[in-house]
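Rule-based calculations on the coordinates, nothing more; no lab input. Given the structure is predicted, the values throughout are model-derived calculations rather than measurements. Cβ: placed from backbone, ideal geometry, glycine included. Neighbour counts: every protein chain shown.
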Amino acid sequence: MHARMRLAALLLLLLAACTSTPTRTPAAAVPAAEAERQQAQRREVLEGIAAWSLQARVAISNGQKGGSGRLEWNWQDGQYRISLGAPVTRQSWSLSSLPGGGAVLEGIDGGPRQGGDASLLLREATGWEVPVQELAWWVRGLETPGADAIEYGADGRLQRMRAAGWNIEYQEWMPPAGGLPAMPRRMQAERGEARVRLVVDGWSAP
């Protein structure tokens, strides 16, 4: 008798658990027009911020060789300084824009190098293909002018785009904070064998 009572009580508990579990309905996808409106609003906010910085982990490869390390990117009034440190090899270099145009690359064998094209300068010195000028837009989740294709996710945020021959994918976003709108946390850009992966640990806009 006691066994039957225990069994009956257990069945009642299971039935109560089943009936009390709410049914979850997937959230409706944000319409394309609303996603475009939100993106235009993000762009307006971000273009009004003259100075920003990010700290991230980066992995760069070109199909034959690659590297990874800690990245710090500082931007102010159109001028930038990008610093990369590789803890394993204890090597580091920095790429900075010059007031009159072009860039200077420091921390490489043979001393600093200057050039009119930051991406070309970096490729000639390291062998890495990194679209420096375009990344200033992409890391903030903004499409470059003349982007070939743009795709939004169900949440209305930028998910994929194709620009300058690169395929860019946004895999994770950070919520709005510190005066900044939602910002990319995890993204990658690919063109042929060249690949740049970025995981952002923090954004700031002084």
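As a size descriptor, the averaged projected area of the C-alpha convex hull of the range 68-206 was calculated at 9.3 nm².
What ranking, highest mean first, results for peptides 146-157, 112-123 when packing means the other Cβ atoms within 10 Å averaged over each residue?
Details: 146-157: 14.3, 112-123: 16.1.
Top to bottom by mean Cβ count within 10 Å: 112-123, 146-157.
Computed over the range 83-177, relative contact order equals 12 percent, with contacts defined as Cα pairs under 8 Å that lie 6+ residues apart.
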